[in-house]
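Remarks on the structure that follows.
The values are calculated or read from the model by the stated rules, or taken from the named source; none is laboratory data. Given the structure is predicted, the values throughout are model-derived calculations rather than measurements. Cβ: placed from backbone, ideal geometry, glycine included. Neighbour counts: every protein chain shown. Accessible surface areas use protein heavy atoms only, side chains included; no ligands, DNA or RNA. Shrake-Rupley method; radii C 1.70, N 1.55, O 1.52, S 1.80 Å.
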Amino acid sequence: MVKKISIIGSGAVGSNLAFHILSRLTIKELVLIDIVDSLAKGVSLDLEDTRAFLNFNTEIIGGSDINLIKDSDIVVLTCGLVRKEGMSREDLLSTNRRIISEVSLKIKELAKSSIVIVVTNPLDLMTYEVNRVTRFNRKRIMGMGSSLDTARFVNLIYKETKVSTCDIEALVFGLHSKDMLPVLSLAKIKGYSLERFIEERKLDVLKRRVKERGTEIVNYLKNRSAYFSPSLACYHLVEAIVNDCNRIIPVSVLLKGEFGLNNVCIGVPCFINRKGIDKIIEYELTPQEKRELLSMGDRFKECMK
Ligand code: NAD
């Protein structure tokens with residue numbers, strides 16, 4: 001049973017995630033951490049005041065002392081720099097790598113049995129860093145990126161077709177960057193291929209738009225990046241673990257031969273439950289999709305240098 005969840009980084013994504021957890025899940029303790037003195041405390045008190053509306057019994061603790069994460073069942077990493085207008089996710093690499101590396105050491109020491117969900121960008125590289133530092137079983141470390149990309153793809157398909165999102169099935173694999181792979185061969189509207197609803201030229205536009213969606217939002221927000229949809233995407237992972245849901249969700253995971261990729265973290269569909277990543281699911285892809293996914297392995301390694 002999941003009793004304790006810690007969120008490291010109490011900014012936009014972290015605080016919204018905390019709100020979703022309190023609204024919908026029953027856990028004993030929720031810890032919020034932030035390096036900025038008193039931020040996590042303020043956020044935790046504000047969240048506590050939702051108790052009378054939401055009727056939860058969860059104890060909420062906020063502070064800047066990382067030791068508060070001790071014995072957490074789930075640790076979510078939403079700490080670090082965020083993209084501003086004109087920046088790519090990769091521009092955050094050196095600072096966020098240092099932050100994630102320091103925090104991972106503490107997770108290794110204090111929450112040895114936890115499942116770690118990485119949100120900090122550049123997502124796949126940070127997921128790799130957590131694997132490198134903690135040496136936890138790779139199935140206890142997942143990066144949230146492709147499920148957000150998938151949700152964005154579903155929204156764009158909805159806007160084009162006006163078919164309810166309940167009847168749209170889509171998957172985006174790959175790096176959580178402009179190199180992501182919306183997998184058209186797996187996208188369906190109630191069993192029919194997308195091509196029956198959307199002409200090829202428009203499908204190409206949708207693929208391009210989903211790749212640029214994060215940047216489009218940053219360009220409007222200027223000093224920050226998206227957080228409503230990211231915090232919900234992250235919540236769905238937490239929920240799948242807490243409620244042992246057996247959901248198939250694409251997450252960034254350290255690959256060891258799956259899809260022909262080795263020693264890289266890339267978003268692929270996984271079976272998520274109380275164990276974390278129970279299984280990596282190797283869907284059949286077209287030869288072109290396979291090539292695109294394989295080329296991401298090289299791009300990942302270039303970025304890691
Ligand atoms: P934010 O600036 O609102 O919050 C980040 C918080 O992390 C800040 O409050 C900061 O003080 C804190 N922090 C920095 N270093 C820390 C440390 N060592 N320990 C504890 N806290 C620390 O940013 P945000 O919008 O919440 O985004 C957080 C991260 O998530 C960013 O890296 C962003 O790029 C990433 N993100 C990823 C996705 C995704 O799909 N994977 C989506 C949105 C945002």
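Using C-alpha pairs under 8 Å with a sequence gap of at least 6, the mean separation divided by the residue count of segment 1-147 gives a relative contact order of 22 percent.
Within a straight-line Cα-Cα reach of under 16 Å, residue 162 can be paired with the following aspartates and glutamates, leaving aside sequence neighbours fewer than 8 residues apart in one chain: 195, 199.
The ratio of the alpha-carbon radius of gyration of the chain to the globular-protein estimate 2.2 N^0.38 Å is 0.97. With n ≥ 4 as the cut-off for DSSP H runs, can you work out [θ] at 222 nm for the chain, using -39500 (n - 2.57) per run divided by the number of residues, rounded to the nearest 500? Computed mean residue ellipticity for the chain: -13500 deg cm²/dmol. Cut-off under 24 Å on the C-alpha distance; same-chain residues fewer than 8 positions from residue 178 excluded. Which lysines are left, in chain and number order? Those lysines meeting the cut-off are 84, 159, 188, 202, 207, 211, 222, 256, 290, 301, 305.
Given a Förster radius of 41 Å and the C-beta distance between residue 113 and residue 166 as r, what FRET efficiency does 1/(1 + (r/R0)^6) yield to the nearest 0.05? So the FRET efficiency works out to roughly 0.70. Charges were assigned to the Cβ only: +1 to each Lys and Arg, -1 to each Asp and Glu. The resulting dipole of the chain about its Cα centre is roughly 340 debye.
Pairing the Cα long axis of helix 93-110 with the longest principal axis of the chain, what angle in degrees results, from 0 to 90 and rounded to the nearest 10? Helix 93-110 sits at roughly 50 degrees to that axis.
Which whole-number percent gives the relative contact order of segment 144-211, counting Cα pairs below 8 Å spaced six or more residues apart? Relative contact order comes out at 33 percent.
Kindly express, to the nearest 10 degrees and within the range 0 to 90, the angle between helix 12-24's C-alpha long axis and the longest C-alpha principal axis of the chain. Once rounded, one gets 80 degrees. Taking Cα atoms only, the orientation of helix 146-161 departs from the longest principal axis of the chain by about 50 degrees.
Using Cα pairs closer than 8 Å and at least 6 residues apart in sequence, work out the relative contact order for segment 146-304, in percent. Answer for segment 146-304 is 21 percent. For segment 183-199, 3J(HN,Hα) computed residue by residue from phi via the Karplus equation (6.51, -1.76, 1.60; θ = phi - 60°) reads 8, 5, 5, 9, 7, 9, 10, 6, x, 8, 5, 4, 4, 6, 10, 10, 5 Hz, glycine and proline entered as x. Under 10 Å, Cα contacts only: if you run a Gaussian network model on the chain, which one of 39, 54, 68 comes out with the highest mean-square fluctuation? Greatest mean-square fluctuation among the candidates belongs to 54. Simple spin-label estimate for residue 248 and residue 71 gives 3.8 nm between the two label positions (7 Å along the Cα-to-Cβ direction from each Cα).
Note that segment 223-305 presents 46 Å² accessible area per residue, ligands and nucleic acids not counted, probe 1.4 Å.
The lysines within cross-link reach of residue 275, meaning a Cα-to-Cα straight distance under 18 Å and a gap of 8 or more places when in the same chain, are 3, 4, 108, 112, 139.
Within the accessible surface of segment 91-242, defined with a 1.4 Å probe on protein heavy atoms only, the carbon and sulfur portion equals 48 percent. For the residues 117, 281, 141, a GNM of the chain with alpha-carbon springs under 10 Å puts the largest fluctuation on 281.
Between 248, 35, 100, the GNM of the chain built on Cα springs shorter than 10 angstrom shows 35 fluctuating the most.
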